[in-house]
1. Count, please, the residues in region 178-214 that happen to be out of contact with any helix residue (DSSP H, G or I) (no Cβ under 6 Å at 6 or more places or on another chain), part of a loop (DSSP other than H, G, I, E, B) and modelled with pLDDT under 90.
2. I'd like to verify a number: residues in region 68-81 that are farther than 16 Å from F165 by Cβ and surrounded by 11 or more Cβ atoms within 10 Å (Cβ to Cβ), how many?
3. Please go through region 100-150 and give me each residue that is touching a His at 6+ places or on another chain (Cβ under 8 Å) and either farther than 18 Å from D7 by Cα or without any contact (Cβ under 8 Å) to a residue 40 or more places away in the chain (or both), ordered by number.
4. Would it be correct to say that V8 is out of contact with any strand residue (DSSP E or B) (no Cβ under 6 Å at 6 or more places or on another chain) and surrounded by 11 or more Cβ atoms within 10 Å (Cβ to Cβ)?
5. If a residue counts only when it is closer than 24 Å to V146 by Cα, which helices (runs of 4 or more DSSP H) contained entirely in region 4-92 have at least 3 such residues?
6. What's the number of the condition A125 fails, among (1) small (G, A, S); (2) outside any helix (DSSP H, G or I); (3) surrounded by fewer than 17 Cβ atoms within 10 Å (Cβ to Cβ)?
7. Mind listing whichever residues of region 26-41 are closer than 15 Å to F126 by Cα and surrounded by fewer than 16 Cβ atoms within 10 Å (Cβ to Cβ)?
8. Pick from P151, P140: which is modelled with pLDDT under 95, touching a Leu at 6+ places or on another chain (Cβ under 7 Å) and either surrounded by fewer than 16 Cβ atoms within 10 Å (Cβ to Cβ) or farther than 21 Å from F110 by Cα (or both)?
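The values are calculated or read from the model by the stated rules, or taken from the named source; none is laboratory data. All values derive from a computational prediction rather than experimental measurement. FYI the Cβ positions are ideal-geometry reconstructions off the backbone, even for glycines, and counts take in every protein chain you see.
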Amino acid sequence: MGKTTADVMIQSFAQFHEFVCEPRHQTAVFRGVEDAANHLLVPSVGRALLPKRVTVAKYEATILRAFKEAALPYLTVAPRNDWEWLALAQHHGLPTRLLDWTHNPLVAAFFAVERDATTDSAVYAFLRTDTVDQNVAIDPFSVTEVIRYRPSHVTQRIVVQKGLFTVHPRPQDIFNVPQLVRAIIPTGVRAGIRQHLYRYGISRGSLFPGLDGLASDIAWRYRVTHSI
């Protein structure tokens, strides 16, 4: 990241606790990334490799329209507007102009350290609190500055992960503003922080309700704590 993002080094779970308890972080939202050195805060639609004749805006409009047309048979409740369509599409992996965040810093830490890796990981804190009013900003594609969005039409997974989004009017641009702080977690302390998170009830089983999360949780737990 560039010079406008402040970095804080985290060497223990206790230090991470101190980081999130700073007064300026009380209303922050958080995002965990596995690779601190190479991960850029760019929405997925802005990372798409497109032919020169295709703009990001055109590509985004095309795939969202296709998603709307094909998704309805799978839904019990249809999204009410483009805000909810974007949230649903992002949740299921369609490239959008949204970035995922969470109100819970422990959730962000889990996504940063969940897997073993040779790189340092990071947790971002975004300190701005501006949140979109859907009754005023009816069209998410007319937003002119990055703003937080809390979907009302959500899945169980978003609920348990305390999820929300930021909306990016120029999704191909790297998100790098003075209101961002980055906590760097060296690779050597990932495992220890992961163990602490498990003690606090933060694991794949708790964050991904269902058999997939349960199976992943059991596999990790027995690999770490038991000899079979």
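1. Adding up the residues that qualify gives 3.
2. Residues in region 68-81 being farther than 16 Å from F165 by Cβ and surrounded by 11 or more Cβ atoms within 10 Å (Cβ to Cβ): 4 in total.
3. Within region 100-150, just V146 meets the criteria.
4. No, not satisfied.
5. Answer list for region 4-92: 56-71, 82-91.
6. Every listed condition holds for A125 apart from (3).
7. Across region 26-41, the qualifying residues are Q26, T27, L40.
8. P140
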